[in-house]
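Written below as structure tokens is the structure these notes are about.
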Amino acid sequence: MMEYKGYIGTATFDDAADLFHGEVINLRDVITFQGRSVDELRQAFRESVDDYLAFCAERGEEPERPFSGRFNLRISPELHARAVARARSEGLSLNAFVERALERVT
């Protein structure tokens, strides 16, 4: 993985084309890049992010930002109740409890 200005890119290698293909993965908009070497790939990644930001600025639009840290989660009412009870028993908010659980598995 690569990171630039908060955007995260990943890449795969196409042996037949002798080329790396990459994509920014932490937003809904599509930003792709490619290169023949690791250095070329890194440079193309940075240029693609900069081009995306410039394109948004030219259009007067706010660029999509990498994840905000907020997400909705749908679970059963029973699991919700158990999670709240467990969080309270540990002196945590539900948010802190879920964040801690996610930290453990990622």
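The values are calculated or read from the model by the stated rules, or taken from the named source; none is laboratory data. Only a predicted model underlies this, so the values are computations on that prediction, with no experimental measurement involved. The accessibility values were calculated without ligands, DNA or RNA, using every heavy atom of the protein model including side chains. Shrake-Rupley method; radii C 1.70, N 1.55, O 1.52, S 1.80 Å.
Couple of notes before you dig in:
- 222 nm mean residue ellipticity, helices alone, for the chain (DSSP H n ≥ 4; -39,500 (n - 2.57); rounded to 500): -14500 deg cm²/dmol
- Surface composition of the chain: carbon plus sulfur atoms contribute 51% of the solvent-accessible area (1.4 Å probe, protein chains only, all chains present).
- Relative contact order computed over region 11-106 (Cα-Cα under 8 Å; 6+ residues apart), in percent: 15
- Once backbone amide H atoms are built at 1.01 Å from N, residue 19 has 14 as its partners under 5 Å, excluding neighbours fewer than 5 places away on the same chain.
- Compared with the dominant principal axis of the Cα atoms in the chain, helix 38-59 is inclined by about 80°.
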